[in-house]
Structures are given as C-alpha cells and as structure tokens.
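For reference, the structure is listed below as structure tokens.
Read the figures in this text as sums done on the coordinates, not as results from a lab. The structure displayed is predicted, hence computed values, not measured ones. Here the Cβ positions follow ideal geometry from the backbone for every residue, glycine too, while neighbour counts run over all protein chains shown.
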Amino acid sequence: MNIKEVSIIGGGTMGNGIAHVFAQNGFHVNLVEQSQEFLERAITTITKNLDRQVKKQTISIENKEQTLSNINPVIGIKNTPSDSDLVIEAIYENKEAKLNIFNELNNIVKADSIFATNTSSISITELSADFRGEQFIGMHFMNPVPIMKLIEIIRGYSTSDATFQKIKDLSIKLGKTPVEVYDYPGFISNRILMPMINEAIFALMENVASAEDIDTVMKLGLNHPMGPLTLADFIGLDVCLSIIEVLYNGFNDPKYRPCPLLKKMVAAKKLGRKTGEGFFKYS
C-alpha cells in the first residue's frame, strides 16, 4: 500500500505542524478537529508559518498555495475519510482520550490503514492492544514540526516490520530523519530531557541559583540553545509534569519523582508561555 491519503486528528501545535509538513510534501491531508473555530485557528497558523517560509525564500508563493490546497478541513472524528491510508493522532497527552479516538476510528477507517500516534511518552503497546497491533506505531515529531528534522518511530510490542519500514520510508520522504525506538516510558528524547528539566526545577526550588542563572549555565556552559526552564515554559509545565509522571509510574523508580515545585506551579495554572507565566513571565 502506497500512503497517499493522510488524516491528522487534532489541529493544535503538533497537529497543524504535522499537517503542514505532509501537505508541503504533496500528500492529501485531512485535518480533523472538533469545531470550525479550532480548524480555522489551525489553518491560520499553517498559513502564517508558510508566509514565514516565503519571506525567508525557502518556498515560493506557488508552493504555499499548493500546500494549503492539499489540506482538507474536517469537522468531527466521525467524518474522517474511510479511505485514509494513514491516520496520525496528535491530541493532548491523555491515554483514555487517545484510546477513545482510536476506538472510534477503528470502525470508520479501512482495515488495511496504519494507525499512528504522536504521543511523546504514552505506551504504544497499551494504545494498540485492542486494535491494529501490527499496523499501529508511534510517530513522535518534534516541535516546531516544519523545522525539526527528527521523528522517533516507536515500535509497540506487536508492530510489524512491514509497518515500521513503511513509516521509516515515509519519514524520509518528508525530509525527516527517522530513529527506531522500542516502547519504553518516555522513549529516548523525553526519557533523557525530562529528568534534566525536573532536576533544574529541583535546583531552583532548593535555591541553588536563580532561574536565569540556571538557564545561563546550561546555555553558556553546555552550549544548549535554550535553558531547561525556558524550554519547560515553551513545552508547557502541565505537559512536562504529565511526561515525568509517565516516567515515574512506568519505571517505578524514585529518580523520576516530579519536583514538588513543578506540581505546585501546574496546580496554580502557571504553565509557561501559553498562560503568560511559568518560570519566566511573558507579555
């Protein structure tokens, strides 16, 4: 099966970026959201990002228009086209919500299609246990999707070699670099990144240094492009906490214990850039 028709479930930060990349590479993309308002917001974001590419002269105006014409807005999961060759779920990090979506899609989309999830931490094996185990895989794109080259391709317990190879080849067609990962909590990126962020928060809580100085050490001392606390604000502190809890529960190891300060800030809804305040304030 050649993958031509792709459906993306969710038009948020990751979903609209994934739709952008597929559409720009000539795929017909169904962007599925729950309301007209959310769809319009997603298309507006994609258009702005394409305009940036035009301004930087990395694409032409014709490329921009062709990309937008490749995107078909769809309201409601029940209206996901049944002939989709690949469905990628890109909603928020909640296992039950993802399972509900795949359960609904399983009765809509043709039987030989591949199901993928953009989860950054939830077990692929657990998500795929009740349907399409061999044709189920993780495709963890990095944010911002149009710029970042990496895709973690995560095999669940039952993921077939054929499914893995199709998604690997597809990733290369998208201009991305695929990395094969097996299904353990946090995969590679977040298993390494989130404990670093968590430790930076512990250092802040223990008054080892200010937030600005902790980030400066990591930027100037270790050549990180962004400090861990700024990065946490960019990701969203609620998302960070969710992933760290997956690590903590998945490995049952106290070294992954979420920092109390992180839990307190999430409870106070100081979630980073999206709320205007996290470890730093944003106008």
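Computed 3J(HN,Hα) for the stretch 176-192, one whole-Hz value per residue from the Karplus formula 6.51 cos²θ - 1.76 cosθ + 1.60 where θ = phi - 60°, is 9, 9, x, 10, 7, 9, 9, 7, 10, x, x, 6, 9, 4, 7, 5, 8, glycine and proline marked x. The loop-placed trypsin sites (Lys or Arg not before Pro) in the stretch 146-180, going by DSSP, that have at most 16 neighbouring Cβ atoms within 10 Å of their Cβ come out as Lys149.
Working ranking of peptides 69-76, 180-187 by packing, defined as the average number of other Cβ atoms within 10 Å per residue, highest first, is 180-187, 69-76. Judged by the mean number of other Cβ atoms found within 10 Å, the most tightly packed of the peptides 136-144, 56-64, 84-92 leads the ranking 84-92, 136-144, 56-64.
Counting only DSSP beta bridges whose two residues both lie in the chain, roughly 20 percent are antiparallel.
Calculated over the chain, the projected area of the Cα convex hull averaged across directions stands at 15.2 nm².
Between Asp183 and Arg155, the built amide H atoms are under 5 Å apart, and every one of these is 5 or more places off in sequence or on another chain.
In a fully extended conformation the segment linking Val54 and Ala267 would gain 72.6 nm over its present Cα-Cα distance, using 0.36 nm per residue. Per-residue ellipticity at 222 nm from helix content only, as computed over the chain with -39500 (n - 2.57) for each DSSP H run of at least four residues, stands at -13500 deg cm²/dmol. For Asn30, the amide hydrogen comes within under 5 Å of the amide hydrogens of Val6, Ser7, Ile8, Asn72, counting only partners 5 or more places away or on other chains and with H modelled in the peptide plane.
Multiplying the residue separation of Ile188 and Asn223 by 0.36 nm and removing their Cα-Cα distance gives an extension gain of 10.6 nm. Which shape class applies to the stretch 134-283: rounded if a/c is under 1.5, otherwise prolate when a/b exceeds b/c and oblate if not, where a ≥ b ≥ c are the square roots of the Cα gyration tensor eigenvalues? Since a/c reaches 1.5 and a/b is larger than b/c, the shape of the stretch 134-283 is classed as prolate. Relative to the current alpha-carbon distance between Asn106 and Ala129, full extension at 0.36 nm per residue lengthens the span by 7.0 nm.
In the stretch 228-283 the Cα-Cα distances spread across 10 Å bins starting at 0 as 27, 51, 20, 3 percent of all pairs. A simple rule links phi to the HN-Hα coupling: the Karplus curve 6.51 cos²θ - 1.76 cosθ + 1.60 with θ = phi - 60°, which for the stretch 76-85 gives x, 4, 4, 9, 4, x, 5, 8, 4, 7 Hz, with x for Gly and Pro. When you work out D = kT/(6 pi eta Rh) for the stretch 190-274 at 25 °C and 0.890 mPa s, using the Kirkwood radius from C-alpha pairs as Rh and the Stokes-Einstein form, the result is 191 µm²/s. Separation of the alpha carbons by more than 24 angstrom is noted, of Lys64/Lys173; Lys110/Lys166; Lys168/Lys274; Lys78/Lys173; Lys78/Lys110; Lys95/Lys149, for Lys168/Lys274; Lys78/Lys173; Lys95/Lys149. Peptides 3-12, 223-232, 257-266 ordered by packing proxy, namely the average of other Cβ atoms within 10 Å per residue, highest first: 3-12, 223-232, 257-266.
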